[in-house]
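For reference, the structure is listed below as C-alpha cells.
The values are calculated or read from the model by the stated rules, or taken from the named source; none is laboratory data. In this text the structure is predicted, and so the values were computed from the model without any measurement. Every residue, glycine among them, receives a Cβ derived from its backbone with ideal geometry; neighbour counts consider all protein chains shown.
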Amino acid sequence: MRRAVCPGSFDPVTNGHLDIVGRASKLFDEVVVAVGVNKSKNRLFDAEERMDMLRQACAGFDNVQVAGFRGLLTDFCSEHDIIAIVKGLRAVSDFDYELQMAQMNASLAPIETVFVPTSPEYSFLASSLVKEVAAFGGDVSGLVPDFVRELLTVRLAERAAAGD
Ligand code: PNS
C-alpha cells in the first residue's frame with residue numbers, strides 16, 4: 001500500500017490544490033491531505049475550518065483523507081507510513097524553494113518528494129492572491145469551489161466589519 005501526502009496551509013483550498021490532490025490520488029493507493037497547523041502565519045481560517053473545507057472539497061475522492069499536522073512534515077510522514085510528498089510546481093519560481101525543502105526533508109527521513117506540474121489553467125493560482133482579489137471585491141469563481149467562495153466572502157466581511 002503506497003501512501004502519499006499533499007501538505008499545505010490551504011488557507012483556503014483552491015481549485016489548483018484540488019487538481020494536484022486528484023492527480024496524486026491516481027498515482028498512489030492513499031493520499032493524506034495534511035494541513036499544517038504550525039503558528040507561523042496569520043491565517044484567515046483556523047485549522048479546523050481549513051480541514052472542514054478540505055473534507056468537503058475532497059469528498060469525491062474515495063482514497064483521500066484529511067488530517068492536521070504540527071511540527072515537522074517528515075515526522076508526520078514517518079508516523080503515518082507515508083512514502084512520498086506530492087507538491088505542485090506552478091513555475092520555475094516555485095522550484096528553488098521546493099527543491100530546498102525536498103532535499104531537507106530527504107535528509108531528515110527516507111521520503112521522496114514527487115513534483116507534479118500544475119495544470120496550465122491554475123499556474124497563476126495561490127491562496128494568498130485569491131484572498132487579496134476577493135478582499136477587493138474581485139470575482140474568484142472558478143478559482144475555488146463555490147462553497148469556499150461563499151465562506152471566503154463571509155469571513156472577509158466579518159474581518160472588514162471588525163476593522164481588520
Ligand atoms: O501551503 P504552504 O504554506 O506552501 O505549505 C507549506 C508546508 C506546510 C508544506 C511547509 O511549511 C511544511 O512542510 N511545514 C512543516 C514544518 C516542516 O517540516 N519544515 C521543514 C520543511 S523542509
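Does any residue in segment 19-40 that is touching a residue at least 12 places away in the same chain (Cβ under 8 Å) come within less than 6 Å, Cβ to Cβ, of a residue that is assigned to a helix (DSSP H, G or I) and basic (Lys, Arg) six or more places away or on a different chain, and which pairs are these?
Val35/Arg50
When you look at Val130, is it closer than 26 Å to Ala59 by Cα, away from the ligand (no atom under 13 Å from the Cβ) and within 17 Å of the chain's Cα centre (by Cα), yes or no?
Here the answer is no, as Val130 does not meet what is asked.
Take the residues in segment 1-35 that are of a type in the set (A, V, I, L, M) and in a helix (DSSP H, G or I); name whichever of them is nearest to the ligand (Cβ to nearest atom).
If we take residues in segment 1-35 being of a type in the set (A, V, I, L, M) and in a helix (DSSP H, G or I), then Ile20 is nearest to the ligand (Cβ to nearest atom).
Could you check segment 52-79 and list, in sequence order, the residues that are part of a strand (DSSP E or B), touching a helix residue (DSSP H, G or I) at 6+ places or on another chain (Cβ under 8 Å) and of a type outside the set (Phe, Trp, Tyr)?
If the condition is that a residue be part of a strand (DSSP E or B), touching a helix residue (DSSP H, G or I) at 6+ places or on another chain (Cβ under 8 Å) and of a type outside the set (Phe, Trp, Tyr), then Val64, Val66, Ala67, Gly68 are the ones that fit.
Kindly indicate which of Leu108, Leu72, Leu125 is more than 21 Å from Glu30 (Cα to Cα), surrounded by fewer than 15 Cβ atoms within 10 Å (Cβ to Cβ) and at pLDDT 95 or above.
Selected residue: Leu108, the only one of Leu108, Leu72, Leu125 that is more than 21 Å from Glu30 (Cα to Cα), surrounded by fewer than 15 Cβ atoms within 10 Å (Cβ to Cβ) and at pLDDT 95 or above.
Quick test of your reading of the structure: Glu49 fulfils all but one of (1) part of a helix (DSSP H, G or I); (2) acidic (Asp, Glu); (3) surrounded by fewer than 14 Cβ atoms within 10 Å (Cβ to Cβ). Name the failing condition by number.
So Glu49 meets the others, but not (3).
Answer with yes or no whether Arg43 is touching a residue at least 12 places away in the same chain (Cβ under 8 Å), within 14 Å of the ligand (Cβ to nearest atom) and within 17 Å of Val5 (Cα to Cα).
For Arg43, the condition - touching a residue at least 12 places away in the same chain (Cβ under 8 Å), within 14 Å of the ligand (Cβ to nearest atom) and within 17 Å of Val5 (Cα to Cα) - is not met.
Restricting to segment 80-104, and then to whatever is among the β-branched types (Val, Ile, Thr) and assigned to a loop (DSSP other than H, G, I, E, B), can you tell me which residue is nearest to the ligand (Cβ to nearest atom)?
Ile82
Within segment 81-92, is there a residue that is of a type in the set (Val, Ile, Thr), touching a residue at least 40 places away in the same chain (Cβ under 8 Å) and surrounded by fewer than 21 Cβ atoms within 10 Å (Cβ to Cβ)?
Yes, segment 81-92 contains a residue that is of a type in the set (Val, Ile, Thr), touching a residue at least 40 places away in the same chain (Cβ under 8 Å) and surrounded by fewer than 21 Cβ atoms within 10 Å (Cβ to Cβ).
Kindly indicate which of Phe124, Phe69 is among the aromatic types (Phe, Trp, Tyr) and in contact with a strand residue (DSSP E or B) (Cβ under 9 Å, 6 or more places away or on another chain).
Phe69
Right, Val114: in contact with a Leu (Cβ under 8 Å, 6 or more places away or on another chain) and either at pLDDT 95 or above or on the phi > 0 side of the Ramachandran plot (or both) or not?
yes
Does segment 105-118 contain any residue that is within 16 Å of the ligand (Cβ to nearest atom), under 19 Å from Arg50 (Cα atoms) and in contact (Cβ under 8 Å) with a residue 24 or more places away in the chain?
No, segment 105-118 has no match at all.
Of everything in segment 15-33, what is under 17 Å from Ala67 (Cα atoms) and under 10 Å from the mean Cα position of the chain (by Cα)? Give them in sequence order.
Hits for segment 15-33 are His17, Leu18, Ile20, Val21, Val33.
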